[in-house]
1. Rounded to the nearest 0.05, what FRET efficiency do LYS336 and SER88 have when you use their Cβ-Cβ distance and R0 = 56 Å?
2. If you average the alpha carbon positions of the range 279-305 and of the range 152-223, how far apart do those two centres end up, in angstrom?
3. Determine Rg/Rh for the range 157-202; Rg is computed over alpha-carbon atoms and Rh is the Kirkwood hydrodynamic estimate from the same atoms.
4. Just how many % of Cα pairs in the range 209-249 lie over 15 Å apart, if you round to the nearest whole percent?
5. Roughly speaking, what is the stretch gain from SER133 to HIS345, that is 0.36 nm per residue apart minus the C-alpha to C-alpha distance, in nm to one decimal?
6. Using Cα-Cα distances under 8 Å and only pairs 6 or more residues apart, what relative contact order does the range 194-239 have, in percent?
7. Once you have the alpha carbon radius of gyration of the range 190-232, what is it after dividing by 2.2 N^0.38 Å, with N set to its residue count?
8. Semi-axes of the equivalent ellipsoid for the range 114-215, please: Cα gyration tensor eigenvalues, times 5, square-rooted, ordered largest first, whole Å.
Amino acid sequence: MTKRKMIQYQKLATSEKAGSGQASSRRKGGSSTEMKSQKKCMLVTGFLVALTFLAGYTYNMMQEHVYAIVIDAGSTGTRLNAFNFRKSLLTGSFELSNDLFVEIKPGLSSFADDPKKGANTILELLSHSKLQSVIPPSEWANTPLALKATAGLRLLPEKQANALLDEVRVVLADLPFYTNENSVSIMEGVDEGIFSWFTINFLTNSLSGGIRDTAAAIDMGGGSTQITFAVEPASSLFQSSPKFLHPVTAFHQNLTVYTHSYLGMGLMAARMAILSVGNSEGSTTLKSACMHPIVKKQWTYNRVTYTVQGLDSSDGVSHTKESACYELVRSYLKGKIDKPDELKHLAKINTISYFFDRSTEFGLIDPYEGGRLQVKALKEAASYSCRQPNADQPFMCLDMLFIHSLLTDDGFGLKEDSYIDLYKKIDNHELSWALGAAFHIIQNGV
């Protein structure tokens, strides 16, 4: 609160006459009046300062800081998320005071053949110099630390995934943070979806109202995609899709959310599957209608480096075969995605991660501010990309076709004129499932 000086200094202009007792008397009378006024102002000032101090002291006494660290071991990168929350001791409400986001690549799953090296990347993240500005070292012993792996490790053979996680457990056991036997795990897709949904609605202050105030969350990672939204008590989903409905308690509200995780529908997993069509199994040279004929690109996926190129142009026209690529995308999606009717009627649909990344790379939205666009803009971007060689972004045609198709008729069923919100950060806080996971850990333990 800005402190205002309450005392105003007034310069008295007096006209003195030598030997004039009357003038001298006036000066004495004026000085006495001003001194009384100044004393009153000083008393008021002192009272306000004391009141301000007392209010600030009371406010600080009525809250506590709580901390959590969540490491997101994704398929394309490993991310440190450190959180500093203010918790009200009166209401139990939370406010995000400060956070830290740091990412390194490649993802943990890329070290399946060298688990020790993979585990050491976690040390690199946790040694970041800014960590102690978010969580004081004096609080580290009480700060829960959890590593949660997503689709990258879900797609690995169980033996390799467990070897990686075991090495990470060894590393975390020597760190000064609070850990236990549950601190390292492969997270279920359902939890990933719910945590993403919570993050978006927490940062947009949408959890204090009713169900209709909340936003849907569609999160596309490298290996999987999750869709999550709150449902009305009378929703037909209770009859048609009960296995995808989950109870959620958020700030004294009991809600039911629909969440469905689609393994293999992440951008990188889908790209690999579609590019592989028509090529020999195990081949590291992939030819596809989804690539421009003049482009040849090295691309690494799941620890294997591929040479990806377009098909020979039989018609003499050098361009990506958009219609052929579109059919490959539709074929990949066919019969795999549910179309919850409720999604089309929601006022706010927030699409994050690769939805945001590809949209900013194409120039559809501002990379710093984010924004809102109609779904049809994604198809227009795809068509434009398919006509360009674009050696710097050779996968843009395929990626945008897949993203658009997943959202519309071949996927979740959104209309072309539907609006979606795309943001990477809200109030400078990263949009990630990690915040939702941190809140869950603070409330329920690791």
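1. On the way: r = 44 Å, r/R0 = 0.79.
So the FRET efficiency works out to roughly 0.80.
2. Their Cα centres are 31 Å away from one another.
3. Working: Rg = 13.7 Å, Rh = 12.6 Å.
Rg/Rh for the range 157-202 comes to 1.09.
4. The calculated P(r) of the range 209-249 puts 51 percent of pairs beyond 15 Å.
5. Numbers: separation 212, 0.36 × 212 = 76.32 nm, distance 4.29 nm.
Here the segment from SER133 to HIS345 would lengthen by 72.0 nm.
6. Numbers: 41 pairs, mean separation 14.0, N = 46.
Once divided by the residue count of the range 194-239, the mean separation gives 30 percent.
7. On the way: Rg = 10.5 Å, N = 43, 2.2 N^0.38 = 9.2 Å.
Compactness ratio reported: 1.14.
8. Details: eigenvalues 163, 91, 24 Å².
Whole-Å semi-axes of the equivalent ellipsoid: 29, 21, 11.
Bear in mind these aren't lab numbers, they're just calculated from the coordinates by the rules spelled out. No experiment lies behind these values; they were computed from the predicted model shown. Cβ coordinates were reconstructed from backbone atoms using ideal geometry, including for glycine residues, and neighbour counts include every protein chain displayed.
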